[in-house]
Amino acid sequence: MSDEILILEAKRMRPMADAFLKDHPQHWDGIERATYAYHLNHRERSDAHYFSGSRMESECRWCGRSRQAVRWDQHHPRCSKRPAWANETIQSVIAREEVLYERVWALALEIARQIDPSTLTGETLSILHHTHGIDPSMLECALIENGRALPQHLHDAYLGVYKLHRETGRHGQKREIIVAKTTDGAPPL
Ligand SMILES: [Zn+2]
């Protein structure tokens with residue numbers, strides 16, 4: 001019986017396939033191998049390969065074994081070099097980013113409460129962005145929450161600094177202390 005027919009049996013005629021495999025347990029290994037070699041997408045199972053194509057000689061991007069090798073070599077059919085990130089579900093990535101966003105937003109609100117917008121410069125906005133992840137539109141929203149506004153000219157000033165940093169590369173992106181004045185006499189952020 002060919003691998004393909006076995007797979008079809010297993011998928012569509014599960015009870016019959018189960019009965020067949022009970023009587024012929026030696027076929028289990030072949031089915032498992034064929035499944036890992038030809039029928040699993042790398043997102044479908046946490047130990048599946050990530051093949052570069054659909055041909056028999058297409059290799060796994062992680063472990064380098066070809067589909068043919070997974071089907072017929074003497075090793076176990078699962079991928080042994082699957083990176084941890086490949087098993088993160090989209091939901092868990094989104095959840096983590098939401099948590100991160102909440103933190104950045106809370107910090108933006110705190111800064112918006114303390115800072116005097118008129119003392120901000122394009123450079124300060126740039127530092128807020130690349131050291132704390134607070135971009136000017138987020139800061140603007142946080143300021144609005146506190147009944148203030150981000151002066152219009154600062155958007156242009158920020159873009160000017162942004163372009164300058166793009167041109168000078170990452171050298172200009174070192175961490176710096178923010179020196180804008182605060183409204184209530186609290187120490188600078
Ligand atoms: Zn692999």
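Bear in mind that the values in this text are calculations on the coordinates, not laboratory data. Owing to the predicted nature of the structure, the values given are computational and were not obtained by experimental measurement.
Overview of results
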{"item": "Cα centroid separation, segment 46-68 to segment 119-143 (Å)", "result": "45"}
{"item": "Karplus (6.51, -1.76, 1.60) ³J(HN,Hα), θ = phi - 60°, over segment 114-120, in Hz, Gly and Pro reported as x", "result": "8, 8, 9, x, 6, 9, 6"}
